[in-house]
Amino acid sequence: NAGVTQTPKFQVLKTGQSMTLQCAQDMNHEYMSWYRQDPGMGLRLIHYSVGAGITDQGEVPNGYNVSRSTTEDFPLRLLSAAPSQTSVYFCASSYSTGFVNEQFFGPGTRLTVL
Amino acid sequence: EDKVVQSPLSLVVHEGDTVTLNCSYEVTNFRSLLWYKQEKKAPTFLFMLTSSGIEKKSGRLSSILDKKELFSILNITATQTGDSAVYLCAARVGSGNTGKLIFGQGTTLQVKP
């Protein structure tokens, strides 16, 4: 198993550009989530999904869209990047919400918006 | 608004010292309290605490939860340089199929030789 994979590892965008951060898992996990991590802020939940076709907002959803067309993939879209979205983004998955303590985290994507 | 607060935010100790990290929470529909260790990359799971007063131990690390006072502590005894990391606590909230994690800011621990 590859676990949770994220691409790209690093990305630099200009303000107003759009992009998609990819996240995939091969463990047949139902629950997937996206976090951003900023200095002194811990991890903040952006969006999460409890299964294919179902998504919901976390703490800081503004400026981000997600979709979950398959169990394996949970892409995060930035529609119009802003400098405030400069952060490290982590994707995570677990078997179900009941096992959210056993979340597996991806390696992270470091995004810089100029 | 759900909130998890950790203290101190950073800590520098010497090898062999004992440290205590604090985590307090104010959340609705609390389910459990989790601790993670984060080195260079992604967080790795340490403990999950559901019941008050029951200590979880793993080697030199231990943790306990107080659901009346709404806090948890993580103890590390005989610290080593390999314990240097960011320690994150998170409250699991929600019922049924809506469980999610609310993280604190993290405590950065540096252990000097």
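Read-outs: derived from the displayed coordinates by stated rules, not from any lab. Every value quoted in this text rests on a predicted model; they were computed, and no experiment measured them. Note that we place each Cβ from the backbone using ideal geometry, even for glycine, and neighbour counts take in every protein chain shown.
Test of understanding: what is the full-extension gain from B:Ser10 to B:Glu26, defined as 0.36 nm times their sequence separation minus their Cα-Cα distance?
Numbers: separation 16, 0.36 × 16 = 5.76 nm, distance 2.16 nm.
Separation in residues times 0.36 nm, less the Cα-Cα distance, equals 3.6 nm.
Once Rh is set to the Kirkwood radius over Cα pairs, what Stokes-Einstein translational diffusion coefficient, in µm²/s, holds for region B:20-113 at a temperature of 20 °C and a viscosity of 1.002 mPa s? The partial results should precede the final answer.
On the way: Rh = 13.7 Å.
Using the Kirkwood radius from Cα pairs, D works out to 157 µm²/s.
Assuming R0 = 30 Å, what is the FRET efficiency of B:Leu70 and A:Ala82, from their Cβ-Cβ distance, to the nearest 0.05?
Using R0 = 30 Å, I get an efficiency of 0.30.
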For this session: Please find, in a Gaussian network model of chain A (springs between Cα atoms separated by less than 10 Å), the residue of A:Ala92, A:Ala82, A:Ala24 whose mean-square fluctuation is greatest.
Result: A:Ala82
For this session: Compare B:Lys67, B:Lys100, B:Lys37 in a GNM of chain B, Cα atoms joined below 10 Å, and give the one with the largest fluctuation.
Result: B:Lys100
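Mind checking the full-extension length gain between A:Asp38 and A:Asp56? Use 0.36 nm per residue of separation minus the Cα-Cα distance, one decimal, nm. Can you show the working numbers first?
Working: separation 18, 0.36 × 18 = 6.48 nm, distance 2.16 nm.
Stretched fully, the A:Asp38-A:Asp56 segment lengthens by 4.3 nm.
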Seminar exercise, completed: Per the charge dipole of chain B (beta-carbon charges, Lys/Arg positive, Asp/Glu negative, Cα centre), the residue among B:Val86, B:Asn29, B:Ser63 reaching farthest to the positive end is B:Asn29
Exercise. Looking at chain A from every direction and averaging, what is the projected area of its Cα convex hull in nm²?
Worked result: 6.4
For this session: Could you let me know the centre-to-centre spacing of region B:1-55 and region A:47-114, using Cα atoms, in angstrom?
Result: 22
Exercise. Out of A:Thr71, A:Thr15, A:Thr55, any idea which swings most in a Gaussian network model of chain A, alpha carbons joined below 10 Å?
Worked result: A:Thr15
For this session: Return one quarter of the surface area of the convex hull spanned by the alpha-carbon atoms of the protein assembly as shown, equal to its mean projected area, in nm².
Result: 12.4
